[in-house]
1. Find the helices (runs of 4 or more DSSP H) located wholly in segment 1-100 whose residues include 3 or more that are modelled with pLDDT of 75 or more and within 19 Å of Ala181 (Cα to Cα), and list them.
2. For segment 140-164, what are the residues that are over 30 Å from Phe113 (Cα atoms), part of a helix (DSSP H, G or I) and polar (S, T, N, Q)?
3. Tally time: how many residues in segment 131-175 are within 13 Å of Met203 (Cα to Cα) and over 14 Å from the mean Cα position of the chain (by Cα)?
4. Scan segment 174-200 for residues that are closer than 17 Å to Met34 by Cβ and part of a loop (DSSP other than H, G, I, E, B) and jot them down.
5. Tell me, which residue of segment 210-221 that is under 21 Å from the mean Cα position of the chain (by Cα) and free of Cβ contacts under 8 Å to residues at least 40 places away in the same chain is most open to solvent (accessible area, probe 1.4 Å)?
6. Does Met203 satisfy being under 20 Å from Tyr38 (Cα atoms), open to solvent by less than 80 Å² (accessible area, probe 1.4 Å), out of contact with any Lys or Arg (no Cβ under 9 Å at 6 or more places or on another chain) and not acidic (Asp, Glu)?
7. Could you list all residues from segment 231-247 that are among the small types (Gly, Ala, Ser) and under 18 Å from the mean Cα position of the chain (by Cα)?
8. Leu164 versus (1) surrounded by 12 or more Cβ atoms within 10 Å (Cβ to Cβ); (2) at pLDDT 90 or above: which is the lone unmet condition?
Amino acid sequence: MLATQLKFDLLMFTRELFYLLFIVVVPPVTYIFMGQLYGDFTYAGDLSYGQVYTPSFILLITFGVIFFTFGFEQVMNRTTGVEKRIRLTPVPKKILLFSSILKSIILTSIGFFLVYTIGIVAYDLEFQLISLIKSYVFFILLNVILLITSSAIYSLFNNVNGALVFSIIIFQVIMITGGFAIPIELMPTFVKTIANLNPVYHMNQLFIDVWNNQLLFDKSTMIATGYIVSLVVIALFVLHFSNKRNS
């Protein structure tokens, strides 16, 4: 039953041109385009463009997929009556939830290996199996964090239009202040302030460090980790009270 539902969910995703364009096409194209502009630059830690922006754009795709196809779709199903109709079917609610989670992880994994392949071909990234495995494990952890956060945020919406506007705006904010465009160090002070409040920025910095085997358990790493964990705990509380309210 889970396999059938998962197949259906993946098929429905391929029919959503907005998702395909905005999530699957735009980030890799931007990754390639920015590489033409900044590919010869050297970044902090003596890293190349490929070493910094490969994990960054993998995370950007992950954020887009989870917030649009997992979080936003929850609002859409809830407000359009799909969720109520589903309850009348023989498909258990847990199957639908697991299918949605697996769909998100499959799609983000495709994004992971797509951007990684582009990095190898276009930006001379070295293939290192152990490093790749560690990066992928950390990537799955980021998936879990974003799934929890997304579900909590979108549980607060009861209107599709409001959720859609929020999704588009937050994607732009995340892209600018998450370190996916121009390096935050070159941004105005107010952007730096927003970046420090942006958990995805901290996830990005940690992912870059893990990707390049430069993760150090120093003060900044512990602060970033503590901040992310605190937000996940808050998200779990929000989900708990939201489920209690709707039950």
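1. The helices (runs of 4 or more DSSP H) meeting that bar are 26-38, 49-65.
2. Listed by number, the list holds a single entry, Asn161.
3. 1
4. Gly178, Gly179, Phe180, Ala181, Ile182, Pro183, Met187
5. Checked segment 210-221; the qualifying residue most open to solvent (accessible area, probe 1.4 Å) is Leu215.
6. Criteria not met by Met203.
7. Ala235
8. (2)
The values are calculated or read from the model by the stated rules, or taken from the named source; none is laboratory data. Computed from a prediction, not measured in an experiment: that's the story for all the values here. Here Cβ is always computed from backbone atoms with ideal geometry, including for glycine, and neighbour counts include all displayed protein chains. Remember, those area values only see protein heavy atoms, side chains included, never the ligands or the DNA or RNA. Shrake-Rupley method; radii C 1.70, N 1.55, O 1.52, S 1.80 Å.
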